[in-house]
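Asker: Take this structure, written in structure tokens, and hold onto it; I'll ask about it next.
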Amino acid sequence: MIQVVSSYQMAVDEDLEVIKNRLVPEGAAFDDLETLPRIAIVSGIHGDELEGQFTCFEVARRINEHPEYLTGIVDIYPALNPLGVGAIYRGIPQFDLDMNRVFPGKNSASPFESMAADIVADIAGATISLDIHASNIYLRELPQIRINEVSEQTLMPWAMESNVDFVWVHGNATVLKGTLAYSLNALDTPCLVVEMGVGMRLTREYGEQLADGIFSLMRKAGIWSGPVAKVRRPIVSVDGEVGFVNADAAGVFMPEVKHDGRVGKGQVIGHVLDAATGRVLQELTSPADGLLFTLREYPIVYPGSLIARVLAMSSSEGVN
Ligand SMILES: [Zn+2]
């Protein structure tokens, strides 16, 4: 059932609403709901990151197909920034405000701080939650989970079951405290941040891969008794092992690799081209043997533009 999580009256006879779809086991009594395990699946904080839309759809579709397997609560929040999703705009339109900097929010005259507080209150207490992001329009990401090192112990067992390609543990210094994930983890509600795909686009295979992972998490949490796909073992990394590839020249970037796994040290990742003269301005190569987890999608580059990120790995480590 669709429920309103937060509502704000707009100037002319309209309400801005953040909604969720709550799915509960067939025949569950209202009084029982508090005692059931619960997963919160969140997306659309950044309105130009749409990959989570398909994941939300796919999870709901599979549950609708087999409601008899549901043994807990699934809350799907497809668009925490509904104006942004509608306009495919990263922040909150008109306010140019990054919604993922206003958490945990507070009940105040500021509508977006109040909405943030309503959202946190609604998700808090979930057994597990996911906040699904989709990079930006410049970079394509393999499905991955990013974890603040202070939450590593709590989150890693969940992350390992979520069917992503890798898990990136960040140092505490780089963590932003205004994010939804930080606020939920501070309240002892485990929240995994997923990054996958590319901004303003949908990638079906990634959406299906993460949906498989979500059902695996639901099974682990006691929310799903049905069959689940075997999950892949993610590569786990800490900050220091990640190498960056940047452009030195302005031009058009043409990739020479597929974005699906391993690259070797020195392997050509792509070229920066000069469209007017037909010259190749730069050949870009991998700094290490490892996992190519970020690859530039947006073709126009300038000196310094990020082209790729490679997680250094020894050759004995497998990708899946
Ligand atoms: Zn984002």
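Asker: Within segment 101-108, is there a residue that is within 15 Å of the ligand (Cβ to nearest atom), charged (D, E, K, R) and surrounded by 22 or more Cβ atoms within 10 Å (Cβ to Cβ)?
Answerer: Filtering segment 101-108 down to residues within 15 Å of the ligand (Cβ to nearest atom) leaves 101-103.
Narrowing the set further to residues that are charged (D, E, K, R) leaves 101.
Now restrict to residues that are surrounded by 22 or more Cβ atoms within 10 Å (Cβ to Cβ): none.
No, there is no match, as no residue in segment 101-108 is within 15 Å of the ligand (Cβ to nearest atom), charged (D, E, K, R) and surrounded by 22 or more Cβ atoms within 10 Å (Cβ to Cβ).
Asker: Please identify the pairs in which a residue from segment 242-270 that is within 12 Å of T294 (Cα to Cα) and outside the structural domain of R146 (by TED's automatic domain parsing) has its Cβ atom under 7 Å from the Cβ atom of a residue that is of a type in the set (S, T, Y) and part of a strand (DSSP E or B), counting only partners at least 6 apart or on another chain.
Answerer: As it stands, the answer is I269/T285, since those pairs meet every condition given.
Asker: Give all pairs with beta carbons closer than 6 Å in which a residue from segment 193-207 that is at negative phi and in contact (Cβ under 8 Å) with a residue 60 or more places away in the chain meets a residue that is within 11 Å of the ligand (Cβ to nearest atom) and of a type in the set (S, T, Y); count only pairs at least 6 apart in sequence or on separate chains.
Answerer: Taking only residues 6 or more apart or on different chains, the pairs are E195/S135; V198/S135; G199/S135.
Asker: Another question, if that's okay. For segment 85-99, indicate whether the set of residues that are assigned by TED's automatic domain parsing to the domain that holds A126, assigned to a helix (DSSP H, G or I), closer than 18 Å to D131 by Cα and within 16 Å of the ligand (Cβ to nearest atom) is non-empty. Give the steps one after another, and end with the answer.
Answerer: In the first step, residues of segment 85-99 are kept if they are assigned by TED's automatic domain parsing to the domain that holds A126; the result is 85-99.
So of that shortlist, the ones also assigned to a helix (DSSP H, G or I) come out as 85-87, 99.
Narrowing the set further to residues that are closer than 18 Å to D131 by Cα leaves 85, 99.
From the residues that got through so far, the ones that are within 16 Å of the ligand (Cβ to nearest atom) too are 85, 99.
Yes, that holds for at least one residue.
Asker: Which of the following residues is modelled with pLDDT of 95 or more, within 16 Å of the ligand (Cβ to nearest atom) and either closer than 30 Å to Y138 by Cβ or touching a Leu at 6+ places or on another chain (Cβ under 6 Å) (or both): E58, E49?
Answerer: Matching residue, one of E58, E49: E49.
Asker: Quick one: would you say R201 is over 22 Å from I63 (Cα atoms), in the same structural domain as A87 (by TED's automatic domain parsing) and touching an Asp or Glu at 6+ places or on another chain (Cβ under 9 Å)? Write out each step before concluding.
Answerer: Values: over 22 Å from I63 (Cα atoms): yes; in the same structural domain as A87 (by TED's automatic domain parsing): yes; touching an Asp or Glu at 6+ places or on another chain (Cβ under 9 Å): yes.
Considered against the rule, which asks whether it is over 22 Å from I63 (Cα atoms), in the same structural domain as A87 (by TED's automatic domain parsing) and touching an Asp or Glu at 6+ places or on another chain (Cβ under 9 Å), R201 comes out as yes.
The values are calculated or read from the model by the stated rules, or taken from the named source; none is laboratory data. Bear in mind the structure is a predicted one, so any value in this text is a computation, not a measurement. When we count neighbours, we look across all protein chains shown, and the Cβ atoms used for this are built from the backbone with ideal geometry, even at glycine.
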